[in-house]
1. List the residue pairs whose Cβ atoms are under 8 Å apart, where the first residue sits in segment 1-17 and is on the phi > 0 side of the Ramachandran plot and at pLDDT 95 or above, the second is in a helix (DSSP H, G or I) and acidic (Asp, Glu), and the two are 6 or more positions apart or on different chains.
2. Going by the conditions given, is ALA64 surrounded by 13 or more Cβ atoms within 10 Å (Cβ to Cβ) and at pLDDT 70 or above?
Amino acid sequence: MGLIAITLIVAVFAWITSFAYRKAKYIFERLSAFQGPVALPFIGNLNQFHFKPEEFFEQAQGLAYMLRKERERICRVWFGRKFM
């Protein structure tokens with residue numbers, strides 16, 4: 001009975017880990033279609049931004065103009081683990 005319980009726990013843990021990995025991989029593949037600056041693990045692009053409101057707005061506009069493709073001004077930015 002103990003062997004069955006351990007096997008079941010390991011199987012559930014493996015399934016949850018596999019599901020989380022596949023979901024993260026799917027999201028990353030979809031978001032990589034957007035252009036944007038390189039993000040560091042855990043902190044994202046936080047090291048590249050100013051936090052005074054007027055400086056941040058100017059920097060965000062500059063980033064949008066710099067990374068525009070044709071007429072579109074869309075890019076990806078990571079704040080920590082959150083995609084903005």
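1. Listed by first residue and then by second, the contacts come to nothing, as the list is empty.
2. yes
The values are calculated or read from the model by the stated rules, or taken from the named source; none is laboratory data. Worth saying up front: this structure is predicted, and the values here are computed from it rather than measured. Don't worry about glycine lacking a Cβ; one is built from the backbone with ideal geometry, like all the others, and counts go over all protein chains shown.
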